[in-house]
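Input: a single structure, listed below in structure tokens.
The values are calculated or read from the model by the stated rules, or taken from the named source; none is laboratory data. Because the structure is predicted, anything quoted here is derived from the model rather than measured. Every residue, glycine among them, receives a Cβ derived from its backbone with ideal geometry; neighbour counts consider all protein chains shown.
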Amino acid sequence: MVTFRSLLAGLRYFLIPWLVFLAAGLIFLLIAGKAGAHLFISGHWNEVADHIFQFLTWFGDGVAYVIFCLLLFGWHRGIGLITSVSCMVASLITQLLKQFVFEDVVRPITWFHQNGMHTLIREVPFVENAYFNSFPSGHTTAAFAFFCSLSILARRHPFLQTGFFLLAAGVGYSRMYLSQHFLADVLAGSFIGTGTALLVVYIARRYMNFVLPSRAEL
């Protein structure tokens, strides 16, 4: 019988780095504060990084995940279905929170302008800024839901799991670097995405007889 504990054990090479990422982020946020944490992250920049993070942030875009999930569905129907459901459910949760619970939480560009600190924040060239509905980060949510799902399915590939975590974390970092989200937005998005992926895979395995792909299939 599939247990939630066994599911977590198979995900440890994604989950342990994520927990470190979450704990370090929370500690940094408590020490530096909302504005301080954001200015520290967005303040360390260069032109090469501008291009890298503009590309990396696309991996959290909804269009990107439609493409990725369709490709996965064509390769392995079960993997495609699991990742699709994880992304859709996680994104729905995030959008409901954005629109109906935290609708008054604004993006960094707006926040710094409202608080008379607009000269401190850098607007990255060629980035289309968003101004409202900041919490939680939708791109980060989708990235963690997608890559956490893949990590669960690639349970016998520890280095691949860690690589998936780094990609998801990179998307989250890009949202702060580009001043589209605060650190709290990203941490919340990572929690929603990871938690949703775990629940979707657990329900599929426990109650719908979903069988994880064999090593040969991966």
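Quick notes on this one:
- Within the stretch 11-33, the only residue that satisfies the criterion of being within 20 Å of the chain's Cα centre (by Cα), surrounded by 13 or more Cβ atoms within 10 Å (Cβ to Cβ) and among the small types (Gly, Ala, Ser) is Gly25.
- Residue in the stretch 77-91 that is farthest from the chain's Cα centre (by Cα), counting only those that are closer than 12 Å to Ser149 by Cβ and of a type outside the set (A, V, I, L, M): Gly78
- Here the condition is being of a type in the set (A, V, I, L, M, F, W, C) and within 20 Å of Ala188 (Cα to Cα); of Ala9, Ala24, Ala49, it holds for Ala24 alone.
- Inter-residue pairs, beta-carbon under 7 Å, first modelled with pLDDT of 95 or more and in the stretch 172-190, second of a type in the set (D, E, K, R) and in a helix (DSSP H, G or I), 6+ apart: His181/Arg175; Phe182/Lys34; Ala184/Lys34; Val186/Arg175
- Looking only at residues in the stretch 109-129 that are among the aromatic types (Phe, Trp, Tyr) and not in a loop (DSSP other than H, G, I, E, B), the one that is farthest from the chain's Cα centre (by Cα) is Phe112.
- Only residues that are more than 22 Å from Phe40 (Cβ to Cβ) and surrounded by fewer than 19 Cβ atoms within 10 Å (Cβ to Cβ) were counted across the stretch 163-209, and they come to 10.
- When the helices (runs of 4 or more DSSP H) confined to the stretch 20-96 are screened for residues that are of a type in the set (D, E, K, R) and within 18 Å of Ile121 (Cβ to Cβ), those reaching at least 2 such residues are found at 47-56.
- Boolean, Val106 is more than 14 Å from the chain's Cα centre (by Cα), in contact (Cβ under 8 Å) with a residue 24 or more places away in the chain and over 28 Å from Leu70 (Cβ atoms): yes
- Residue in the stretch 49-65 that is surrounded by fewer than 13 Cβ atoms within 10 Å (Cβ to Cβ), modelled with pLDDT of 90 or more and within 24 Å of Ala32 (Cβ to Cβ) present: no
- Restricting attention to the stretch 119-160, the residues being buried (at least 21 other Cβ atoms within 10 Å of the Cβ) and among the β-branched types (Val, Ile, Thr) number 3.
- Hey, Pro136 in a loop (DSSP other than H, G, I, E, B) and either modelled with pLDDT of 95 or more or farther than 29 Å from Phe102 by Cα (or both) or not: yes
- Any hit, the stretch 3-10, residues being among the hydroxyl-bearing types (Ser, Thr, Tyr), within 23 Å of Arg205 (Cα to Cα), out of contact with any His (no Cβ under 8 Å at 6 or more places or on another chain) and assigned to a helix (DSSP H, G or I): yes
- Test: Gly116 is under 21 Å from Thr194 (Cα atoms) and surrounded by fewer than 24 Cβ atoms within 10 Å (Cβ to Cβ): no
- Those residues of the stretch 16-56 which are under 22 Å from Gln161 (Cβ atoms) and in contact (Cβ under 8 Å) with a residue 12 or more places away in the chain, in sequence order: Pro17, Trp18, Phe21, Leu22, Gly25, Leu56
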